[in-house]
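Right, one structure below, let's go through it.
The values are calculated or read from the model by the stated rules, or taken from the named source; none is laboratory data. Because the structure is a prediction, the values reported are computed rather than measured. When we count neighbours, we look across all protein chains shown, and the Cβ atoms used for this are built from the backbone with ideal geometry, even at glycine. Please note that ligands, DNA and RNA were not included when accessible areas were found on the heavy atoms of the full protein model with its side chains. Shrake-Rupley method; radii C 1.70, N 1.55, O 1.52, S 1.80 Å.
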Amino acid sequence: MVAVIVLVDIRPSSRLWGFLRFVLGRAALRNIPGLQFAKILGSGAGGGFGLKPSATRQGLFCLFANAPSAAAFIADSKIIAAYRHHAEEFFSAILSAYSCRGSWSGVSIPIDTDAPNTGPIAALTRASIRPSQVISFWRKSPPAEADLERTSGCLLAVGLGEAPFFRQATFTIWESSQAMDHYARSGAHLTAIKAAHQGQYFSESMFVRFRPLNPQGVWKGRVFA
C-alpha cells in the first residue's frame, strides 16, 4: 500500500462546497480504483493546532493498493479536480511508509520501503483521545504544536482532525529524519509525549514515517514542486 495526503485551503466563495465535503464527501470516494481506506479531515485556524476550527482548510488521507492507483487518483479523479477548482491553495503527495506503530480505525499501514539515508521525510501522528483525558490533552498539545512553526528543518506542518477535540492528527514534512528527531526529543513536544505516556491519553494512536514522493502544490504560501 501507499498513502496519499491532500491539503486544501478552500476559496471564500466556495466555503459551502467545502463544508459539504464533510457531509457528502464519502460518496465522492466510492468506486475509486485501488482505494482501501480514506479519512476526510478538518483543520484548525492558523496552523491547525488548537480548538478553533478553520472555515476553509481541510485534508484528505487515503490508502491505495499500489502506487499507480494513487498517482491516477491525484492526476485523473473527479474529486481531486473538484478540490483543485475550489481551492485557493492545494497540496498533494504520495507517501511510502518505512515505519509504522499503531493503527487508525483498526488499520495499520504496511511498510513499503526502506528508511532513507538522506533527503526529506514525512510524518503522520494521529490519536483518539479518551473523553476523560481531553481537557488535560488540550492543555499540553498547543504549545508543542506551536513549536513547529519555529523549528528549523520543518518544511510543512498542519494540524488535522477527524472529529473535533477527540480525534486529532498532525502531518509534517522535514528536511531530514535528524531534524524531526531533534524536535521530537526536545522542548514542549517532549514534555507532551511524556505526559501522554504517563496519563494514557489515547484509546488508539498511530505514528508513521514516510518517504514523500512527488510533493506538489502550495501550502501556506510555500511552493512544493
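What to note about this one:
Okay, residues lined up against (1) more than 18 Å from the chain's Cα centre (by Cα); (2) polar (S, T, N, Q):
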site: 77; (1), (2): yes, yes
site: 81; (1), (2): yes, no
site: 86; (1), (2): yes, no
site: 90; (1), (2): no, no
site: 104; (1), (2): no, no
site: 107; (1), (2): no, no
site: 115; (1), (2): yes, no
site: 121; (1), (2): no, no
site: 125; (1), (2): no, yes
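- The condition of being over 20 Å from residue 162 (Cβ atoms) and free of Cβ contacts under 8 Å to residues at least 24 places away in the same chain holds for only one of 70, 87, 65, 81, that being 81.
- Close Cβ contacts (under 7 Å, 6 or more residues apart or on different chains) running from residues in region 167-191 that are within 12 Å of residue 154 (Cβ to Cβ) and among the hydrophobic types (A, V, I, L, M, F, W, C) to residues that are outside any strand (DSSP E or B) and at pLDDT 75 or above comprise 173/120; 174/120; 174/153; 174/180; 179/152; 179/153.
- Residues in region 108-124 that are surrounded by 12 or more Cβ atoms within 10 Å (Cβ to Cβ) and over 12 Å from residue 177 (Cβ atoms): 6 in all.
- For the condition open to solvent by less than 50 Å² (accessible area, probe 1.4 Å) and assigned to a strand (DSSP E or B), residue 14 does not qualify.
So that you can scan it fast, the table gives a plain yes or no per residue for (1) surrounded by 16 or more Cβ atoms within 10 Å (Cβ to Cβ); (2) touching an Asp or Glu at 6+ places or on another chain (Cβ under 7 Å); (3) under 17 Å from residue 10 (Cβ atoms):
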| residue | (1), (2), (3) |
| --- | --- |
| 41 | yes, yes, yes |
| 44 | yes, no, yes |
| 57 | yes, yes, yes |
| 64 | yes, no, no |
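- Count of residues meeting criterion [in a strand (DSSP E or B), among the polar types (S, T, N, Q) and either under 18 Å from residue 47 (Cα atoms) or at pLDDT below 95 (or both)] in region 192-225: 3
- Scanning region 134-171 for residues that are modelled with pLDDT of 85 or more and either surrounded by fewer than 20 Cβ atoms within 10 Å (Cβ to Cβ) or within 16 Å of residue 203 (Cα to Cα) (or both) yields 152, 153, 154, 155, 161, 162, 167, 168, 169.
- Against the numbered list (1) crowded, with 17+ Cβ neighbours inside 10 Å; (2) at pLDDT 90 or above; (3) touching a strand residue (DSSP E or B) at 6+ places or on another chain (Cβ under 6 Å); (4) within 21 Å of residue 58 (Cα to Cα), residue 84 comes up short only at (1).
Quick grid of which residues meet (1) assigned to a strand (DSSP E or B); (2) β-branched (Val, Ile, Thr); (3) farther than 22 Å from residue 6 by Cβ:
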{"site": "95", "(1), (2), (3)": "yes, no, no"}
{"site": "111", "(1), (2), (3)": "no, yes, yes"}
{"site": "114", "(1), (2), (3)": "no, no, yes"}
{"site": "118", "(1), (2), (3)": "no, yes, yes"}
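- Conditions (1) touching a Gly at 6+ places or on another chain (Cβ under 8 Å); (2) at negative phi: number failed by residue 99: (1)
- So residue 51, is it open to solvent by less than 30 Å² (accessible area, probe 1.4 Å) and either in contact (Cβ under 8 Å) with a residue 40 or more places away in the chain or in contact with a Lys or Arg (Cβ under 7 Å, 6 or more places away or on another chain) (or both): no
Yes/no matrix, rows are residues, columns are (1) without any contact (Cβ under 8 Å) to a residue 40 or more places away in the chain; (2) in contact with a His (Cβ under 7 Å, 6 or more places away or on another chain); (3) at positive phi:
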position: 12; (1), (2), (3): no, no, no
position: 22; (1), (2), (3): yes, no, no
position: 27; (1), (2), (3): yes, no, no
position: 46; (1), (2), (3): yes, no, yes
